[in-house]
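Only one structure is covered here, and it is reproduced in the block below.
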Amino acid sequence: MHTIKLKNQNGKTIYDKLTYIYVEMPNFNKPEDNLTSRLDKWLFFIKNLEDFQSIPSIFSDEIFAKAFEKAELAKFGQEEMDQYESSLKVYRDLYSVIDSAFIEGKTEGRMEGIEEGRQEGLQVGRQEGKRDMAKLLKDNGAQVDLIILTTRFTREEIDLL
């Protein structure tokens, strides 16, 4: 890793806020069991991402889980990406409807003063909304893994839709 700063001919840094950092990835050869810092983990992640069949245990932080999710999306071809974006649009539309219904139901619940009924209705509504969303995604040909990711349903629950 090289840190580069702009300096004049006398060796004095010209501007402290401008720094370039170059990483020579071919020279990063630490094995998985010798990764000590977060930077080591990120460099290992970047260098070996294509070779991972599953998420190694050293990447237990939530940020790495998100990075693996993004990497999965990056592997999509154009057709898969179009399907993903389409199902994401359906998900967001349904979420918006559910959210609007939630706000409306919350207002009505306050007006009527039925806290227990509101809680139960909210839970049932969320489940029904998630079920409707999963069914819509499935009916529109979305991949099961995408449905699992967006609804948190199990494969068995999706098969029953």
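The values are calculated or read from the model by the stated rules, or taken from the named source; none is laboratory data. Keep in mind that this is a model prediction, so the values were computed, not measured. Neighbour counts run over all protein chains shown; Cβ positions are idealised from the backbone, glycine included.
Would you mind stating whether Gly109 is out of contact with any helix residue (DSSP H, G or I) (no Cβ under 6 Å at 6 or more places or on another chain), surrounded by 11 or more Cβ atoms within 10 Å (Cβ to Cβ) and either among the hydrophobic types (A, V, I, L, M, F, W, C) or in a helix (DSSP H, G or I) (or both)? So that I can check it myself, show each step before the final result.
Values: out of contact with any helix residue (DSSP H, G or I) (no Cβ under 6 Å at 6 or more places or on another chain): no; surrounded by 11 or more Cβ atoms within 10 Å (Cβ to Cβ): yes; either among the hydrophobic types (A, V, I, L, M, F, W, C) or in a helix (DSSP H, G or I) (or both): yes.
So Gly109 does not fit the description; no.
Select, from Glu116, Glu156, the only residue that is surrounded by fewer than 13 Cβ atoms within 10 Å (Cβ to Cβ), farther than 30 Å from Glu32 by Cβ, among the charged types (D, E, K, R) and at pLDDT 85 or above. It would help to see each step written out before you state the result.
On the way: Glu116 fails: at pLDDT 85 or above.
Selected residue: Glu156, the only one of Glu116, Glu156 that is surrounded by fewer than 13 Cβ atoms within 10 Å (Cβ to Cβ), farther than 30 Å from Glu32 by Cβ, among the charged types (D, E, K, R) and at pLDDT 85 or above.
Go over the candidates Lys135, Lys130 one by one and state the one that is basic (Lys, Arg), surrounded by 13 or more Cβ atoms within 10 Å (Cβ to Cβ) and under 24 Å from Glu79 (Cβ atoms).
On the way: Lys130 fails: under 24 Å from Glu79 (Cβ atoms).
Going through Lys135, Lys130 in turn, just one is basic (Lys, Arg), surrounded by 13 or more Cβ atoms within 10 Å (Cβ to Cβ) and under 24 Å from Glu79 (Cβ atoms): Lys135.
Taking the range 63-98 as the region of interest, how many residues are acidic (Asp, Glu) and either modelled with pLDDT under 85 or more than 29 Å from Gln127 (Cα to Cα) (or both)? Break it down into steps so the answer makes sense when it comes.
Step one: list which residues in the range 63-98 are acidic (Asp, Glu), which gives 69, 72, 79-80, 82, 85, 93.
With either modelled with pLDDT under 85 or more than 29 Å from Gln127 (Cα to Cα) (or both) added as a condition, the list becomes 69, 72, 79.
Summing the residues that are acidic (Asp, Glu) and either modelled with pLDDT under 85 or more than 29 Å from Gln127 (Cα to Cα) (or both) in the range 63-98 gives 3.
Scan the range 20-33 and give yes if some residue there is basic (Lys, Arg) and under 22 Å from Ile148 (Cβ atoms), otherwise no. Give the derivation first.
Narrowing the range 20-33 to residues basic (Lys, Arg): 30.
Subset that is under 22 Å from Ile148 (Cβ atoms): none.
No, that holds for no residue.
Which residues, taken from the range 48-75, are of a type in the set (Lys, Arg) and either part of a helix (DSSP H, G or I) or in contact with a helix residue (DSSP H, G or I) (Cβ under 9 Å, 6 or more places away or on another chain) (or both)?
Here is the first cut: in the range 48-75, the residues of a type in the set (Lys, Arg) are 66, 70, 75.
Listed by number, the residues that qualify are Lys66, Lys70.
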